[in-house]
């Protein structure tokens, strides 16, 4: 959830920055970001790929743990989760293709790229996304014991109620 919050927060910030420049959030009215504002285009691409769980970026470790747990305990849930990832990839990659590399439908005045202050706000989120993706153990190891203790306490309760749904 931490990783999801970081990448989603960055995406919402980028959407807000883009809306201030263009006056719209409609994908039909946007395109060509890589050409118009390449730094913003880079950050859109980076955080979109992180949101999809690209290996080496923050969301990957969480997604793989969810899949492993789901397939081990309830394979049907694992299949549903995998289908969800496929649909998420389809809409996210479609958004990136249109917004970042697509043609701008109504070329007008050029859009300004990110300001130094906006870059300064996004760089720490990007670095944290990389750090969490490349060294997830730094964050997962400290919570391992508390999670194991919680699961030990919940196991009898789950057994009384017939297990996980």
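The values are calculated or read from the model by the stated rules, or taken from the named source; none is laboratory data. Here the structure is a predicted model, which means the values were calculated and not measured. Because the Cβ atoms are built from the backbone with ideal geometry, glycine has one as well, and the counts that use them run over all protein chains shown.
Details
- Of residues in the stretch 105-129 being assigned to a helix (DSSP H, G or I) and touching a residue at least 40 places away in the same chain (Cβ under 8 Å), the one surrounded by the most Cβ atoms within 10 Å (Cβ to Cβ): 129
- Residue that is modelled with the lowest pLDDT [pool: residues in the stretch 132-149 that are within 27 Å of the chain's Cα centre (by Cα) and more than 22 Å from residue 57 (Cβ to Cβ)]: 147
- Output for the stretch 154-165, where each listed residue is surrounded by 10 or more Cβ atoms within 10 Å (Cβ to Cβ) and either at pLDDT 80 or above or in a helix (DSSP H, G or I) (or both): 154, 155, 158
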